[in-house]
1. Taking the stretch 229-239 as the search range and keeping residues that are more than 16 Å from the chain's Cα centre (by Cα) and closer than 16 Å to residue 194 by Cα, which one is surrounded by the fewest Cβ atoms within 10 Å (Cβ to Cβ)?
2. Based on this model, can you work out whether residue 129 counts as buried (at least 19 other Cβ atoms within 10 Å of the Cβ) and either in a helix (DSSP H, G or I) or in contact (Cβ under 8 Å) with a residue 40 or more places away in the chain (or both)?
3. Taking the options 18, 41, name whichever one is without any contact (Cβ under 8 Å) to a residue 60 or more places away in the chain and either farther than 15 Å from residue 116 by Cα or surrounded by fewer than 18 Cβ atoms within 10 Å (Cβ to Cβ) (or both).
4. Could you please find all residues in the stretch 51-85 being part of a helix (DSSP H, G or I) and without any contact (Cβ under 8 Å) to a residue 40 or more places away in the chain?
5. Return the total of residues in the stretch 101-125 being in a helix (DSSP H, G or I) and more than 13 Å from residue 67 (Cβ to Cβ).
6. So is residue 162 more than 23 Å from residue 215 (Cα to Cα), surrounded by 21 or more Cβ atoms within 10 Å (Cβ to Cβ), under 17 Å from the mean Cα position of the chain (by Cα) and modelled with pLDDT of 95 or more or not?
7. It is to be established whether one or more residues within the stretch 109-118 are surrounded by fewer than 22 Cβ atoms within 10 Å (Cβ to Cβ), more than 17 Å from the chain's Cα centre (by Cα) and either closer than 16 Å to residue 33 by Cα or without any contact (Cβ under 8 Å) to a residue 60 or more places away in the chain (or both).
8. Considering the stretch 186-217 alone, what residues qualify as being part of a strand (DSSP E or B) and closer than 25 Å to residue 43 by Cβ?
């Protein structure tokens with residue numbers, strides 16, 4: 001499998017940010033790490049190995065980015081307002097730096113499907129719902145889509161507009177809705193076992209149905225826990241059956 005590591009100094013984050021690229025061809029699969037992990041997490045936990053048949057066949061080209069979760073909602077030493085600001089800066093990094101890098105690396109605009117597990121699922125869904133003009137779909141695994149689950153009671157406008165369960169019910173912009181209604185790949189999958197929160201996926205599905213946005217809500221069994229062995233099954237399952 002072809003593998004590259006890239007990095008640059010992000011002006012929006014004022015730090016060096018790495019990105020791992022796997023494969024040569026196919027749609028772009030943009031991966032967000034879990035919690036406070038990094039751009040090589042999906043490689044370390046063998047998710048890249050699990051999806052390697054799709055990478056090697058040219059179905060998808062994977063871009064795995066770094067996180068700054070430990071500099072925002074997971075950093076208890078920061079004031080919550082500063083956490084919210086940092087979260088917004090990360091959004092800017094993804095849309096204004098990573099997306100253009102993907103287009104450049106692929107020599108043109110290709111479909112971008114975002115994916116991630118746990119906190120990465122929240123980032124994935126949020127990226128799609130905030131910028132459906134640039135993001136073409138998501139595979140969100142084992143996520144909670146209420147940012148307040150991470151803010152320890154803090155609330156402001158930036159929390160609201162990064163918490164899909166809060167802002168989606170009020171989304172009435174017909175241009176954004178038209179983009180979302182045209183998507184073929186909005187997939188939410190969750191186990192129902194230890195440390196999972198399937199109700200969050202169900203709640204997202206209820207809102208999307210009310211907005212007439214096509215989607216899949218897929219709840220796996222009560223033995224399916226919030227852990228890597230299941231994510232190594234979920235992602236290849238979706239790449240193999242939905243794309």
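The values are calculated or read from the model by the stated rules, or taken from the named source; none is laboratory data. Bear in mind the structure is a predicted one, so any value in this text is a computation, not a measurement. Heads up, the Cβs are rebuilt from the backbone with ideal geometry, glycines too, and the neighbour counts pull from every protein chain shown.
1. Looking at residues that are more than 16 Å from the chain's Cα centre (by Cα) and closer than 16 Å to residue 194 by Cα, I get 229.
2. Answer is yes for this residue.
3. None of the other options fit; the residue is 18.
4. Within the stretch 51-85, 70, 71, 82 meet the criteria.
5. 6
6. No.
7. The answer is yes, given that some residue of the stretch 109-118 is surrounded by fewer than 22 Cβ atoms within 10 Å (Cβ to Cβ), more than 17 Å from the chain's Cα centre (by Cα) and either closer than 16 Å to residue 33 by Cα or without any contact (Cβ under 8 Å) to a residue 60 or more places away in the chain (or both).
8. Residues satisfying the conditions are 187, 188, 189, 190.
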